[in-house]
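The values are calculated or read from the model by the stated rules, or taken from the named source; none is laboratory data. What you see is a predicted model, and the numbers here were worked out from it, not measured in a lab. As a convention, Cβ positions derive from the backbone with ideal geometry for all residues, glycine included, and neighbour counts pool all protein chains shown.
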Amino acid sequence: MKRAASWYSSATIGLALGVTATQVAASIQIAPQRLFFDDQQRSAQVEVFNQSDEVQEYRVVVADVESDAYGRSELIDPVEPAAGEREHHGADLLRHHPRQMTLGPGESQTVRIMSRVPDDVEPGEYRARFAVRTMPSADAPAFAEEELEDDEVAVDIQALFAMTIPVGIQVGEPEGEPQIRGARFEAAEDDEDEDALQVTVARNGDRGIYGSLEVYRPGDDEPILERGRAVISSSMEERVLPFSLDEHDLAPGDELRVVYRAFEDEGEGFGEVGGHVKAERTVVIE
């Protein structure tokens, strides 16, 4: 059974208590921002930085991930798949050390992570998340007994934060190709929102697609809309990629030319616009 990882909920609670993502990012940093393993690259190092002004204890975990068509991800406890039922899960293919660390203000620690792929794993691309989360402080001040009345109960809440980076494990030489399925107009719900164009791109094959998406009016050479990091990972069958229409007048029934470009290597130009044309289609906005 798949279970949402408990530390993920803790991070969510921390943000719900009014601690912003910016504050979390300011107190802990991870580099690099993504990892990719294949038959030649089987190990890597991740640097964890404590950028807060306090001593922090961290736990390092690797989790599996489920993603929906809009790119929203949920971290789950590592799956132990049976033969032939692995799907995209890759957390159990990774080993890391150390699993816990204590860092003073401004200190950093290197975490070593390795991929170990059994011979019976089929060619494909498998996904996981490398995560570092804060631990509860044992030195946090407790409630003094004299501060409470006889009928009062005190609860000590400590916000726990987590930062994650995506990990890809490529086995063999899997192929993946994008397929542009269509475009849909999404009207703004109120005056504060903006109309949007949602382009759906499917993934065919056993590996993720990493590239950029461009939208043209018929006959134009310059795109009116473009987006880097148009990723359809192996954890999703298709991806809905939204574009804001605040500067463009588009409506249902309009015709557009949609182009998906990708680089030959996942690490090449990631997040940039450009690359080779992998799919192109003229669509009518629904």
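Answer with yes or no whether residue 117 is hydrophobic (A, V, I, L, M, F, W, C), modelled with pLDDT of 90 or more and outside any strand (DSSP E or B). When the stated conditions are applied, residue 117 passes them.
In segment 77-93, the qualifying residues are those that are assigned to a loop (DSSP other than H, G, I, E, B), surrounded by 18 or more Cβ atoms within 10 Å (Cβ to Cβ) and in contact with a Lys or Arg (Cβ under 8 Å, 6 or more places away or on another chain), and the one that is modelled with the highest pLDDT is 90. Number of residues in segment 58-76 that are of a type in the set (Lys, Arg) and part of a strand (DSSP E or B): the value is 1.
Quick check on segment 20-48: of everything there that is surrounded by 16 or more Cβ atoms within 10 Å (Cβ to Cβ) and part of a strand (DSSP E or B), which residue is modelled with the lowest pLDDT?
Looking only at segment 20-48, we keep the residues that are surrounded by 16 or more Cβ atoms within 10 Å (Cβ to Cβ), and these are 24, 27-28, 30, 35-38, 44, 46, 48.
Okay, now just the ones that are also part of a strand (DSSP E or B), so 28, 30, 35-37, 44, 46, 48.
Values: 28: 88, 30: 94, 35: 96, 36: 94, 37: 96, 44: 98, 46: 98, 48: 96.
That would be 28.
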